[in-house]
Each structure stands twice: as C-alpha cells, then as structure tokens.
Amino acid sequence: MAGSKNATKDPDPLYQKAKNAALRLLTYRSRSEKEVERRLKGKYTEDVIDRTLSDLRRQGLLNDSEFAREWREQREKFRPRGPAIIRQELQKLGVDREVIREALSDFDSSANAYKAGSKYAAKLPVQDAALFRRRLGAFLHRRGFQGDVLGHTVERILRELLDSLHGGVDRDEQYDQAEEPHRWDRRQGNDECAYHRSGSDVS
C-alpha cells in the first residue's frame, strides 16, 4: 500500500511548488503564458518552469488566445480603450502579435470610442463647442482613439447633447458649426488637441 502511494506522488517537489505558485496566480485573474513564466523565473529551474507551463496549457488553464480575447472584452465592458492601447497592453504581457491581431480582428473602434466618451462628455460644458471638442478629443486621444473615429465620435456626442439641451428644435450657431467637417490633429509639445476646419483653427 505504501509503495502504491509513493508511486503516484510526483518525485520532484519543486515542480509541485512551481505549479501551486502558478495556480495561485491564476486564481486572481487570467494570465498570459509569459506572465506566469516571468513570475516563476528565478525561483525555479527552466525545466521545472517548462513542465509547469506545459501542464497548465494541457489542462486549459493557460491559453493566450482566450486570454487576449478576455482582456479585450474586459476593456470594452469596463474601461473602453482604442485598439492601439489594447495592443500595447497585450504586448507588454507577452502575448504574440498574431494572437493579438486575431483578438482585435472584429474590434469596433467607433462603439468603444462612443462608450468611452459619453460618460466623460456629461461633465463638459456644451455651450462652448470649441472647448468641448478640445477636451473630449484630448480625452479620447489619451485612451487610444485616433483619426476619423475620434473626430466623428466627438461630433456625434456634441450633437446629441445639444439636441437634448435644445429639445431637438432650432440649433444655435455652435451646433451649426459642429456639423461642418473637421480634421483632428495633435499639437506637438502640448497635451491638448484641437480641431481644424477648412484649414483654420476653431479653438
């Protein structure tokens, strides 16, 4: 009987310690494979780490494709960010570029920009359209939204807020200006961003 019990027990106690450490990490949140490897490195041998990672992959506890998709979904649900920032975050966590590309393949930048901007926009004064554009635009830019997505989102939110403010009736001059085409640029050396219309600064 004693011999039978010893036969099922892993002969390498370091492997069991490494695996237990990895499992503890995974109880807090999902992790990329590289994250787990980094936490184990320096404490265990490469052979032990490789074996631990291999076992966790086989058990479905480590899967970078699922991890990247989950990371994106959590961002979309709780803290919307642009694809560039999500890409950078996943790269820092050691996820392969191709895996990241697949996870972001159907990412809706417009929907995420709108979700990110709507709550912040409620704090801004809409009476000053130029100030509203600068502040909301800078906010969205810091969160990784760029180009047409950023510009169209700012204009959409501004129109909706002004419609609500004026009850959907006659629009004032600021609202008329909001409908004209704009180009979004980032000023060098300045955290503020500004719109340009017909080649001139409206701020």
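Could you figure out which of (1) assigned to a helix (DSSP H, G or I); (2) modelled with pLDDT of 90 or more; (3) surrounded by 14 or more Cβ atoms within 10 Å (Cβ to Cβ) isn't true of Gln177?
Unmet condition: (2).
Among the residues of region 78-95, is there at least one that is among the small types (Gly, Ala, Ser) and closer than 11 Å to Phe145 by Cβ? Lay out the reasoning, then the answer.
So the first thing to find is which residues in region 78-95 are among the small types (Gly, Ala, Ser), and the list is 82, 84, 94.
Next cut, closer than 11 Å to Phe145 by Cβ only: 82, 84.
Taking every residue of region 78-95 in turn, at least one turns out to be among the small types (Gly, Ala, Ser) and closer than 11 Å to Phe145 by Cβ.
How many residues are buried (at least 18 other Cβ atoms within 10 Å of the Cβ) and either part of a loop (DSSP other than H, G, I, E, B) or not assigned by TED's automatic domain parsing to the domain that holds Leu25 (or both) when one looks only at region 45-55?
Of the residues in that region, 0 qualify.
Can you name every residue in region 94-113 that is in a helix (DSSP H, G or I), more than 11 Å from Arg72 (Cβ to Cβ) and either in contact with a His (Cβ under 8 Å, 6 or more places away or on another chain) or charged (D, E, K, R) (or both)?
Result: Arg97, Glu98, Arg101, Ser110.
Could you list, in sequence order, the residues of region 23-44 that are surrounded by fewer than 14 Cβ atoms within 10 Å (Cβ to Cβ) and of a type in the set (Val, Ile, Thr)?
Thr27
Hey, can you tell me all the residues within region 72-99 that are surrounded by 14 or more Cβ atoms within 10 Å (Cβ to Cβ), within 14 Å of Ser30 (Cβ to Cβ) and over 8 Å from the mean Cα position of the chain (by Cα)?
Selection gives Leu90, Leu93, Gly94, Val95, Val99.
Can you tell me which residues in region 116-133 are in a helix (DSSP H, G or I) and either basic (Lys, Arg) or assigned by TED's automatic domain parsing to the domain that holds Ile85 (or both)?
The answer is Lys119, Arg133.
Mind checking whether some residue in region 33-42 is in a loop (DSSP other than H, G, I, E, B) and at negative phi? Show your work before the answer.
So the first thing to find is which residues in region 33-42 are in a loop (DSSP other than H, G, I, E, B), and the list is 42.
Add one more test, that the residue is at negative phi, and what stays is none.
No, region 33-42 contains no residue that is in a loop (DSSP other than H, G, I, E, B) and at negative phi.
Look at Gly82 and say whether it is within 18 Å of Arg142 (Cα to Cα) and at pLDDT 95 or above.
yes
Which numbered condition in (1) part of a helix (DSSP H, G or I); (2) in contact (Cβ under 8 Å) with a residue 24 or more places away in the chain is the only one that Gly144 fails?
(1)
Ser65 - would you say it is under 19 Å from Val99 (Cα atoms), in a helix (DSSP H, G or I), in contact (Cβ under 8 Å) with a residue 12 or more places away in the chain and of a type in the set (Ser, Thr, Tyr)? Even if it seems obvious, please write down each step before you answer.
Working: under 19 Å from Val99 (Cα atoms): yes; in a helix (DSSP H, G or I): yes; in contact (Cβ under 8 Å) with a residue 12 or more places away in the chain: yes; of a type in the set (Ser, Thr, Tyr): yes.
Yes: the conditions hold for Ser65.
Which of (1) modelled with pLDDT under 95; (2) within 14 Å of the chain's Cα centre (by Cα) does Ala122 not meet, given it meets every other one?
That leaves (2) as the condition not met.
Output the number of residues of region 152-173 satisfying the condition of being touching a Gly at 6+ places or on another chain (Cβ under 8 Å) and either within 21 Å of Arg87 (Cβ to Cβ) or modelled with pLDDT under 95 (or both).
Count: 1.
The values are calculated or read from the model by the stated rules, or taken from the named source; none is laboratory data. Keep in mind the model is a prediction, meaning the values are calculated, not measured. FYI the Cβ positions are ideal-geometry reconstructions off the backbone, even for glycines, and counts take in every protein chain you see.
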